[in-house]
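Q: Encoded as structure tokens, here's the structure I'll be asking about.
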Amino acid sequence: MSEEKNLIDDAFYVKKQRWGTWDSYDKEDKPILTSLTEDICVSATRHMLKWRQEGFPETASYSGQVNGKL
């Protein structure tokens, strides 16, 4: 049984798994990520590929330190 792969943005495709999640794969069938819905999978994969190409944005750092008297 052959599955048709519809490339999205000529870069990746998504596939529904039997347990209901959605996985995305690149052109070489390497997995990218897993999501709960098809729409989120497509959106998140677009962001992931952009970040891989351009670099991840700088993240903020947070401190768990509490200042002051207790």
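Q: Considering only region 35-46, I want to know if a residue exists there that is touching a Cys at 6+ places or on another chain (Cβ under 8 Å), under 30 Å from Ile8 (Cα atoms) and not acidic (Asp, Glu).
A: yes
Q: From the list Asp29, Asp39, which one is at positive phi and not hydrophobic (A, V, I, L, M, F, W, C)?
A: Asp29
Q: Output the qualifying pairs, or none if there are none: Cβ atoms under 8 angstrom, residues six or more apart or on different chains, first residue in region 44-70 and more than 13 Å from Leu33 (Cα to Cα), second residue assigned to a helix (DSSP H, G or I).
A: From region 44-70, the pairs are Pro57/Trp51.
Q: Follow-up question, since we're still on this one. Within the group Ala11, Ala44, which residue is of a type outside the set (S, T, N, Q) and at pLDDT 95 or above?
A: Ala44
Q: Of the residues Asp29, Asp10, Asp23, which single one is among the charged types (D, E, K, R), touching a strand residue (DSSP E or B) at 6+ places or on another chain (Cβ under 6 Å) and not in a helix (DSSP H, G or I)?
A: Asp23
Q: What pairs can you find where one residue is in region 4-18 and within 15 Å of Glu28 (Cα to Cα), the other is in a loop (DSSP other than H, G, I, E, B) and among the hydrophobic types (A, V, I, L, M, F, W, C), and their Cβ atoms are less than 9 Å apart, with a gap of 6+ or different chains?
A: Tyr13/Leu7
The values are calculated or read from the model by the stated rules, or taken from the named source; none is laboratory data. Just so we're clear, the structure is a prediction, and the values are computed from it rather than from any experiment. A quick note on method: Cβ atoms are made from the backbone with ideal geometry, for glycine too, and the neighbour counts reach across all protein chains shown.
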